[in-house]
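Please find one structure pasted underneath; my questions will follow.
FYI, it's all coordinate maths here, none of it is from the lab. Since this is a predicted model, take the numbers as computed values, not measurements. Reconstructed Cβ throughout: ideal geometry from the backbone, glycine too, with neighbour counts over all protein chains shown.
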């Protein structure tokens with residue numbers, strides 16, 4: 001990796017939808033916490049969106065999902081190589097990750113790496129649902 005990208009946004013949501021004509025991303029159901037009735041808990045899909053700049057060349061991005069309470073990597077996804085033509089270009093990337101399993105309640109974090117170098121993280125909570133979640 002020649003340049004370390006600068007991150008402008010890093011969000012977690014239920015789904016990222018990419019418009020087939022414009023390439024614009026729609027983030028559906030952004031959140032900072034999930035409710036689960038029991039553990040382990042399977043979440044059918046999560047979307048991750050990040051926007052970056054100050055990068056040039058071909059990058060291989062990897063996302064790791066870490067259960068912070070146990071410092072345990074519970075999932076990984078590696079994206080196909082992405083070419084960024086200019087440091088002035090803003091690149092936004094959205095992916096959907098199917099079928100994630102959360103072993104217990106607590107704090108989790110997505111960690112973003114570019115060519116093996118850590119560049120950003122986004123954390124969220126998974127909470128034991130004892131009754132109906134409060135309206136947000």
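Please verify whether the stretch 23-32 includes one or more residues that are touching a residue at least 24 places away in the same chain (Cβ under 8 Å), surrounded by 13 or more Cβ atoms within 10 Å (Cβ to Cβ) and farther than 28 Å from residue 128 by Cα. Walk me through it before giving the result.
Restricting attention to the stretch 23-32, the residues satisfying the condition of being touching a residue at least 24 places away in the same chain (Cβ under 8 Å) are 25, 27, 31-32.
Next cut, surrounded by 13 or more Cβ atoms within 10 Å (Cβ to Cβ) only: 25, 27, 31.
When the remaining residues are screened for being farther than 28 Å from residue 128 by Cα, the result is 25.
Yes, that holds for at least one residue.
Does the stretch 65-81 contain at least one residue that is in contact (Cβ under 8 Å) with a residue 40 or more places away in the chain, surrounded by fewer than 17 Cβ atoms within 10 Å (Cβ to Cβ) and under 22 Å from residue 9 (Cβ atoms)?
yes
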